[in-house]
Structures are given as structure tokens and as C-alpha cells.
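No value in this document is a laboratory result; all are computed from the given coordinates. All values derive from a computational prediction rather than experimental measurement. Every residue, glycine as well, gets a Cβ built from its backbone with ideal geometry; the counts of neighbours run over all protein chains shown.
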Protein chains: 4
Amino acid sequence: MVSVTIWNEYRHEREDGPAKDVYPDGIHHALADALSAYGHTVRTATLDDPEHGLTEAVLDETEVLVWWGHLHHDEVADDVVGRIKRRVLDGMGFVPLHSSHESKPFAALMGTSGTLRWRETGEKERVWVVEPSHPVVDGIDESVEIPEAEMYGERFDVPAPDTLVTISWFEGGEVFRSGCCYRRGNGKIFYFRPGHETFPVYHQPEVRRILHNAVEWAQPADTPPSRTETEHVTDPLEPLE
Amino acid sequence: MVSVTIWNEYRHEREDGPAKDVYPDGIHHALADALSAYGHTVRTATLDDPEHGLTEAVLDETEVLVWWGHLHHDEVADDVVGRIKRRVLDGMGFVPLHSSHESKPFAALMGTSGTLRWRETGEKERVWVVEPSHPVVDGIDESVEIPEAEMYGERFDVPAPDTLVTISWFEGGEVFRSGCCYRRGNGKIFYFRPGHETFPVYHQPEVRRILHNAVEWAQPADTPPSRTETEHVTDPLEPLE
Amino acid sequence: MVSVTIWNEYRHEREDGPAKDVYPDGIHHALADALSAYGHTVRTATLDDPEHGLTEAVLDETEVLVWWGHLHHDEVADDVVGRIKRRVLDGMGFVPLHSSHESKPFAALMGTSGTLRWRETGEKERVWVVEPSHPVVDGIDESVEIPEAEMYGERFDVPAPDTLVTISWFEGGEVFRSGCCYRRGNGKIFYFRPGHETFPVYHQPEVRRILHNAVEWAQPADTPPSRTETEHVTDPLEPLE
Amino acid sequence: MVSVTIWNEYRHEREDGPAKDVYPDGIHHALADALSAYGHTVRTATLDDPEHGLTEAVLDETEVLVWWGHLHHDEVADDVVGRIKRRVLDGMGFVPLHSSHESKPFAALMGTSGTLRWRETGEKERVWVVEPSHPVVDGIDESVEIPEAEMYGERFDVPAPDTLVTISWFEGGEVFRSGCCYRRGNGKIFYFRPGHETFPVYHQPEVRRILHNAVEWAQPADTPPSRTETEHVTDPLEPLE
């Protein structure tokens with residue numbers, strides 16, 4: 001089982017009626033329930049905690065960091081972002097969700113803008129699996145229907161994923177690369193689109209299963225230590241002429 | 001033909017005897033000669049120019065930016081880095097060379113550390129083509145031998161390239177992914193390893209041919225404009241239920 | 001300009017009223033018109049020609065082979081399939097269209113079944129560009145609408161494309177990786193989904209532009225000759241201890 | 001633990017003195033020892049068994065098929081090859097080793113020739129890990145040294161791997177993409193280069209660890225059933241206009 005820290009902006013659910021109704025204890029607690037039920041060790045952290053709840057001590061204990069941010073990406077301190085990025089390159093898993101497509105840590109790790117097209121009408125989303133043998137969709141059918149969703153449409157400005165696992169269809173006419181795997185440094189990243197503060201997406205069993213799978217997949221491997229600096233190797237491994 | 005700006009740190013060749021001997025007018029002029037001979041329109045810029053020679057006006061005229069930096073990456077101003085990154089996402093080609101593996105613009109576009117192992121012994125490098133149909137190796141044989149090179153060895157901390165075109169062998173026992181293509185936003189990036197301030201690598205015809213190919217490949221395509229902000233699409237393209 | 005051979009099964013358009021109405025001279029002639037208008041040198045070949053019109057002499061003159069097959073894949077002789085495959089590995093471009101997803105040459109080059117889900121209701125398809133800097137979508141907008149199409153849906157059993165360029169949305173609820181680039185041997189392959197014998201898709205300007213782009217992209221590069229046999233290299237390039 | 005079938009051509013070790021010395025019971029038994037020691041359930045099969053030991057009943061019980069063939073690829077019956085390919089697309093893992101680069105099942109799944117350059121001088125190979133977070137190199141250092149090896153050199157005619165995990169350096173001047181992961185259909189494939197009938201490579205602990213990792217990684221996932229035929233979906237999932 002994996003040691004997971006779930007980070008949530010946690011403003012909507014304290015301030016907005018509709019979000020409060022769907023996630024009365026915050027999205028982080030819904031996600032924590034989902035992952036705890038699968039046996040993972042879960043802690044939570046939020047934007048308004050000191051150091052956003054992501055001290056070096058917390059990150060020391062974190063194998064996979066799940067991230068949900070939305071309207072306050074800019075309030076995340078740059079040194080915490082740098083800390084997260086460094087940890088990912090060192091092997092920590094990272095699972096940015098939904099509106100985290102423009103969060104600072106995801107942007108810093110991708111090098112792209114993360115921009116897209118969006119529309120909030122509660123339309124239907126159908127998530128199609130295109131790489132069925134990938135662990136993040138283990139136990140998932142050909143497609144998962146999400147009855148009401150906020151639309152995210154292409155072009156999604158991200159690097160082509162190392163593995164594209166799912167593509168979403170939207171009732172209003174768009175498609176979206178909704179499940180994207182990346183390796184960066186020693187770390188693994190899974191961006192997963194579904195989820196919204198006013199739709200009960202994180203209560204849906206298939207979505208919870210995918211999150212569990214993602215956490216399993218993204219946990220650190222047994223790798224050589226990553227380098228923070230280019231290494232001068234004075235002696236050749238083999239004799240030179 | 002392509003409108004190219006060649007950027008060079010241009011300190012070694014003014015300060016170090018050996019670098020001055022190999023590139024008396026600076027690496028940028030050697031590169032400019034190479035690309036001009038292929039018919040490209042070339043201008044140059046250096047670290048010590050105002051705004052490092054990369055004003056918005058210069059970038060307006062730049063289809064592909066070639067970059068050679070080494071020991072003074074940190075002196076490149078962050079706003080110029082941001083400007084370059086934005087231009088690449090908007091479609092400008094970018095060709096970081098050799099020690100630019102840790103340059104700020106490349107790091108900002110990759111999201112990784114760019115670290116590697118290195119050794120400076122003048123050992124032999126042999127660049128093997130693994131994707132022969134790619135335009136950047138058009139007209140190149142199975143392998144290119146570089147008689148004296150600085151060694152760069154794996155693990156090279158970059159995202160897996162969208163297309164890995166060449167792998168280098170080094171006499172001292174290492175390998176390196178030496179020709180790496182990426183698409184980021186509307187832009188194309190080709191990292192190419194060979195080249196060093198005290199070895200005449202940029203005088204070698206096969207290297208010049210690859211640089212020409214890279215510039216051709218990386219030039220902007222006719223694309224829709226990139227987004228700097230996520231776009232709110234209020235009306236669905238298709239009727240909702 | 002590229003020397004193109006367009007291969008068509010050419011049964012529907014001789015036998016079925018609706019196909020005859022849309023493509024009175026056969027799909028191959030509609031495609032030939034489209035590519036000739038862009039300046040390419042085009043010849044055609046069909047299933048019922050001797051050797052299916054694909055003699056060694058014809059292939060000697062072919063830089064890119066465009067393929068449209070549907071219900072009679074099995075009638076294509078295996079030795080002609082082997083010949084095509086060999087030519088692609090040697091550098092010939094290959095552009096299988098639409099129902100060619102299960103054609104023998106495409107299957108032989110992919111190693112997968114090419115199976116998918118389909119439905120023929122004349123529903124709307126919208127082709128979204130996800131990799132705008134790729135040459136096959138040069139000059140194409142964010143999306144192309146095809147008013148009436150046969151639906152092809154995931155999971156499409158093909159290898160993950162080397163570059164996924166477009167994803168299609170269908171009115172009835174499916175998505176499809178509709179523009180897929182592959183490199184195999186010295187050759188380049190672009191599978192493009194749109195097109196059907198009873199819908200006028202190949203008369204649509206954006207589709208014609210993409211086909212032109214594909215032919216340009218897929219033309220042979222200047223590469224070392226491909227190997228038909230593993231090569232015994234008796235002498236090392238470098239001295240052994 | 002995984003149910004593994006190890007297939008070996010098993011001619012060298014019965015006929016050639018040097019091979020007999022290194023693998024007295026055959027390469028399959030050395031591999032079986034290695035994988036059994038990690039707890040896997042292992043059976044073996046060889047070329048000269050009826051149906052090459054790969055009956056439908058055996059394959060029913062096989063989660064991952066490890067393959068070692070060399071000089072007698074052509075003696076493998078095409079219907080058995082078809083059976084293996086079908087099983088891989090259905091989810092069975094496949095781990096072709098060393099000289100299996102031109103084996104029929106690997107060629108059928110790749111669609112390429114699998115050709116390369118080779119030399120048998122017992123030179124040194126150093127296997128460099130380029131994707132450290134991948135499960136097949138879990139617990140492996142930056143590089144693995146193989147004291148005596150047969151050289152395989154680029155260009156290796158295979159599709160660009162979905163994930164390139166290792167690159168080998170050879171004393172005589174070549175490089176090779178030596179650890180290549182592919183997803184095909186519901187199945188996972190890991191080609192691993194090291195291993196030879198007269199060098200004790202399969203007795204080496206790091207190589208055994210990688211083989212164990214590969215078997216773990218390649219085991220079937222819980223996926224929807226693969227399609228053997230394109231599926232006609234008469235009713236749309238969503239209402240059409």
C-alpha cells in the first residue's frame with residue numbers, strides 16, 4: 001500500500017453552496033475516503049495550511065502526491081512548487097486532477113501552458129480506454145460514463161504523453177486526452193481530467209478505481225538516486241587510446 | 001529558407017586560448033557560416049548584448065532559435081527566458097546544442113533537470129542514427145564519427161523524446177541520447193549533443209548538415225494560434241439534451 | 001512534388017448505386033484529382049488489375065502508396081502484400097485510408113488486428129487536431145467537421161502511434177484516433193480515418209489538404225539502404241582489449 | 001507470482017560443445033531456475049516438442065511467454081506463430097530474448113524486419129538504464145556490465161519502443177536499444193538483448209533480476225476482452241439529430 005498525500009485548494013467547498021453540497025468536507029476528504037478504502041495510507045494538506053501543508057517533513061513521508069487546484073494556482077508559493085518538482089524528479093509520484101491542468105507544479109514539470117477549452121454545462125462525458133493493458137485502467141471497462149461534467153476540450157497544450165491511456169468524449173462536440181502518463185526524472189505523473197467541485201465525480205466507483213490504480217502505478221520505484229547536478233566523471237570506464 | 005537567430009554565450013572564445021584557436025570569431029559565427037552556406041538567413045546574438053540580443057523585435061523575425069550556452073546559464077535573465085519559452089509554444093523552432101542541456105530555456109521547456117555525466121578527455125564519439133527516415137538525419141550515413149569529443153553520458157535527465165533520432169557511443173564506455181526531437185505547444189525542439197568550445201565539431205560537414213536539417217524541420221508550421229489562456233467556450237458545438 | 005500511386009479496391013463504385021453517385025469514376029479518381037491539383041504525379045491501380053496493378057515496375061516509380069480497401073481485403077495476394085511491406089521498410093511512404101484499417105498491408109506493418117467498433121448512420125464527425133505543429137495538419141484549423149460519416153470507435157487495435165495527430169469525435173458517443181503517424185524501417189505511414197464510399201468526404205477541401213500534406217510528409221527520405229538481412233560485421237570499429 | 005512458459009530452440013546446447021558447457025541443461029533450464037527462484041511458476045517448451053510444446057492447452061495456462069530462438073526460426077510452424085500472436089493481442093505477455101530479434105512471433109507482432117549488425121568476439125557490453133522508473137529495471141543500478149557478449153548494433157529495425165528502457169554500449173564501437181517495451185493489443189512485450197548460447201549471461205544476477213521484473217510487468221492486466229473482429233454497433237450511444 002502506498003503513502004499518499006492529497007492536496008486540495010479547499011476554497012470552493014468552504015465558500016460555495018453547490019460545492020459544499022457535493023463535498024461537505026472538501027474534495028480532499030472524498031479522495032481520502034476513496035484511497036483509504038483501497039488500503040492506502042492517506043494524509044491531506046490544503047492551500048491555507050502553513051507552507052500549504054507540504055513541509056519537507058510531510059514530503060519525506062509522501063510516496064504519491066495527489067493534487068486538486070483550481071482558481072488559486074497563483075497563491076501556491078514558488079518555493080513549495082520547486083520542492084514538489086524536485087521530489088517528483090527524485091521519484092515521488094504525482095497525480096494532478098482536473099483543473100490542476102494549469103497548476104504551478106504540473107506546469108513546471110511539463111514545460112507547456114496546460115491551456116485548453118472549457119464549458120460548464122453539466123454535459124455528459126464518456127471516458128474511452130485506448131490502452132487497456134496499462135495499470136491505471138486495470139479493471140475498467142471499455143468506457144466510463146460520467147453523467148454530468150464540465151467540458152475540457154482540445155487542443156490541450158501538454159507534451160504528447162508517454163502513454164495516452166484514455167480519451168474523453170463530450171456531448172457538446174469536443175474530445176480530450178483525459179488520462180495521460182508521463183515519466184519525469186525518477187518520478188511518474190498521471191494527469192486525470194474527470195472531477196469537478198460541483199459534480200459528484202469523485203463519488204463514482206470507476207473514478208475511484210482509476211485513482212487507486214494511479215496511486216499504485218505512480219509509487220516510487222527502486223532506482224539509483226537522481227542527480228541534482230551534472231556529474232563530473234574524471235576517469236573513463238574503459239581505457240582510451 | 002529559414003530565418004535563424006543563433007545565440008551564443010560567447011565568453012570562452014574571447015577568454016580562453018584553446019577556444020579562441022578553434023572558433024576565433026566565436027561559435028556563433030561558425031554556426032552562422034554553416035547555416036548561411038545552406039541558404040538560411042542568419043543573425044546572431046550573445047549573452048553580453050542588451051537583452052542578450054533577444055529583444056521582442058529580434059524574436060519577431062526569428063523562425064528558429066539556435067542556442068549555445070555553457071558556464072553562464074544563470075546570467076540569462078528570467079524575462080528573456082520566459083519570452084523564449086512563450087515564442088516556442090507559439091511556434092518558433094528551438095535548437096539547443098551541447099552544453100545547453102542545462103540552459104534555462106531548455107530546462108523551462110522540458111521540466112526536468114537536464115543533468116548527465118561528463119568527462120573531457122577528447123575521446124571519440126560515434127553518433128548512430130536510429131530513426132533514419134527522420135528529416136534531421138536526411139543525407140546522413142548510418143553513423144557519424146567525431147574524432148575528439150567531450151563525453152556526455154546517461155542517464156540524461158530529459159523527458160523521453162517524441163522521436164529519438166540518434167544515440168552516441170563514447171570510447172570511454174558511455175552512451176547518450178544525442179539527437180532528441182520534441183514538440184511543445186506549436187513549436188518544435190531539437191536537442192543535439194555534439195559540439196564543444198575546444199573541439200572543431202562545428203566545422204565538420206556531417207554536423208553542419210544535421211544543423212541545417214534541424215533548422216528546416218523546426219521552422220514554424222501553419223497552425224492555429226496558440227493559447228496563452230484557457231478559453232471559455234460558452235456555447236456547445238452540438239445541442240445538449 | 002511526389003510520385004504517388006493510389007490503390008483502390010474499386011468494387012463499390014462499380015456495383016452500388018450510392019457509391020456510384022458519390023464517386024462515379026471510383027474513389028481512386030477522386031483522390032487522384034485531389035493530389036494532382038496539388039501538383040503530385042499520380043497513377044492509379046485497382047484490385048482487379050493484374051497483380052492488383054502493383055507490379056515491381058510500378059512500385060519502382062512509387063514514392064508514396066495511398067490505399068483504399070474495404071470488403072475484399074482477403075483477395076489481395078500475399079506476395080503483393082509482402083512486396084508492399086518490403087517497399088515500405090525500404091522507404092516508400094504508405095497512406096492507408098478509412099476501411100483500410102484491416103487491410104493486409106497495414107496489418108502486416110502494424111502487427112495488430114486493426115479491429116474497432118463501427119456504425120453506419122451518416123452521423124457527424126469532428127476531427128480535432130492535437131499536434132498542430134505536425135506537417136500532416138499544416139494549414140488546418142483546430143478541428144474539421146465532416147457532416148456525414150461512418151462512425152469508427154475505440155478501442156482501435158493499433159500500436160500507439162509514434163505521433164497522434166488527430167482525434168475524432170462522433171455524434172453517437174465515440175472517439176477515435178483518426179490521424180496516426182508511424183515510422184517503420186525507412187518508411188513513413190499515415191493512417192487517416194475519414195472517407196467512405198457513400199459520403200463525399202474526399203471531395204471536402206480540408207480532407208484533400210490533409211492528404212496532400214500526408215503525401216509530402218511520407219515521401220522517402222535520403223537514408224542509408226535498409227537491410228533485408230542481419231549483417232555480420234566481422235571487424236570491430238574500435239580495438240578490443 | 002506469474003505463470004511463465006519458457007520456450008527454447010534447444011539445439012545449440014545439445015549439439016555444440018561450448019554451449020553445452022555453459023548451459024548443460026539448455027538455456028530454458030537456466031532461465032527456469034532464475035524465474036523459479038523469484039517464485040514464478042515455470043514450465044518449458046522446445047522446438048522439437050510436438051507443436052513446439054505450445055499447444056492451446058499450454059498457452060491457456062501461460063501468462064507470460066519467454067522466447068529464445070536463434071538459427072531455426074524458420075522451423076517454427078506458422079500456425080503456432082499465429083496462435084502466439086493471437087494470445088499476445090489477447091493479453092499474454094511476451095519476452096523475446098537476444099537472437100529472437102528475428103523470430104517469427106516477434107516479427108509478426110512488430111511488422112518490421114528486426115535486422116541489425118552483429119559480431120561475435122566476446123567483447124564487453126554495458127547496459128545503461130535510460131528510464132529508471134520503469135518496473136523492468138527496478139532494483140538495477142545505472143548500468144550493468146556484461147563482461148563477454150556478442151555485439152548487436154544499430155540500426156535495429158524495430159518500431160520505436162513505447163518505452164525505451166536500456167541502451168547498450170559495446171567495446172567495439174556500437175550502441176543498441178537493448179531493452180524495449182511495447183504494448184500490442186491487450187498484451188505487453190519486452191525485448192531484451194543480453195544473452196547468448198556460449199556466454200554465461202543468464203547466470204548473471206542483474207540479468208536474472210531484469211527477467212523477473214519483465215515477467216512481472218508483462219503479466220496480463222484485467223482488461224476488457226480483445227476483439228478478433230471489428231464490431232458492428234448498430235445503435236448509437238447518444239441520440240443523433
Taking r as the C-beta separation of A:T121 and C:D74 and R0 as 45 Å, the FRET efficiency to the nearest 0.05 is 0.45
Taking the alpha-carbon centre of each part, the distance from region A:165-185 to region C:62-119 in Å is 28
Scoring only Lys, Arg, Asp and Glu (+1, +1, -1, -1) among other residues with Cβ under 13 Å from the Cβ of C:R227 yields -4
Residue-normalised 222 nm signal for the protein assembly as shown, counting each DSSP H run of n ≥ 4 as -39,500 (n - 2.57), nearest 500 deg cm²/dmol, is -7000 deg cm²/dmol
In debye to the nearest 20, the charge dipole size for region D:117-191, taken about the Cα centre with +1 at each Lys and Arg Cβ and -1 at each Asp and Glu Cβ, equals 460
With the charge dipole of region D:68-147 built from beta-carbon charges (+1 for Lys and Arg, -1 for Asp and Glu) about the Cα centre, the Cα from D:V144, D:W68, D:V130 projecting farthest to the positive end belongs to D:W68
Inter-copy distances for D:D48, label 7 Å out on the Cα-Cβ vector, sorted ascending, nm, one decimal, are 5.4, 7.7, 7.8
Expected response for nearest chain C Cβ to the C-D rotation axis, distance in whole Å, is C:G111, 2
Copies of A:K20 compared via label points 7 Å along Cα→Cβ give distances in nm, shortest first, of 7.1, 7.4, 8.5
In the protein assembly as shown the DSSP beta bridges are antiparallel at a rate, in percent to nearest 5, of 60
Rounded to the nearest 10, the angle in degrees between the Cα long axis of helix B:27-37 and the longest principal axis of the Cα atoms of chain B comes to 70
XL table D:K20/D:K124; C:K20/D:K85; C:K104/C:K188; D:K20/D:K104; Cα-Cα > 28 Å flagged, in table order, is C:K20/D:K85
Yeah, region B:1-142 with a ≥ b ≥ c from its alpha-carbon gyration tensor (a/c under 1.5 is rounded, else prolate when a/b outruns b/c, oblate otherwise) is rounded
Given Cβ charges of +1 for Lys and Arg and -1 for Asp and Glu, the option among A:T121, A:V81, A:L97 whose Cα lies farthest towards the positive end of the dipole of region A:51-139 is A:T121
Over all viewing directions the Cα convex hull of the protein assembly as shown casts an average projected area in nm² of 37.7
Computed over chain B: longest principal axis from alpha-carbon atoms vs helix B:78-90 long axis, angle to nearest 10 degrees, is 70
Where a ≥ b ≥ c are root eigenvalues of the Cα gyration tensor, a/c under 1.5 meaning rounded, otherwise prolate if a/b exceeds b/c and oblate otherwise, region D:199-241 counts as prolate
Computed about the Cα centre, the charge dipole of chain D from +1 Lys/Arg and -1 Asp/Glu charges at the Cβ has a magnitude in debye, to the nearest 20, of 240
Here the Cα Rg-to-2.2 N^0.38 Å ratio for region A:164-206 is 1.39
Honestly region C:110-153 on the Cα gyration tensor test (a ≥ b ≥ c root eigenvalues; a/c under 1.5 rounded, otherwise a/b vs b/c for prolate or oblate) is just oblate
Kirkwood radius from Cα pairs of chain D plugged into Stokes-Einstein at 10 °C, 1.306 mPa s, gives D in µm²/s equal to 87
Cα extents of region D:105-181 per principal axis, largest first, Å, are 32, 32, 18
Computed over chain A: longest principal axis from alpha-carbon atoms vs helix A:205-218 long axis, angle to nearest 10 degrees, is 10
Sorted shortest first, the nm distances from the A:P224 label point (7 Å along Cα→Cβ) to its counterparts in the other copies are 2.8, 4.2, 4.4
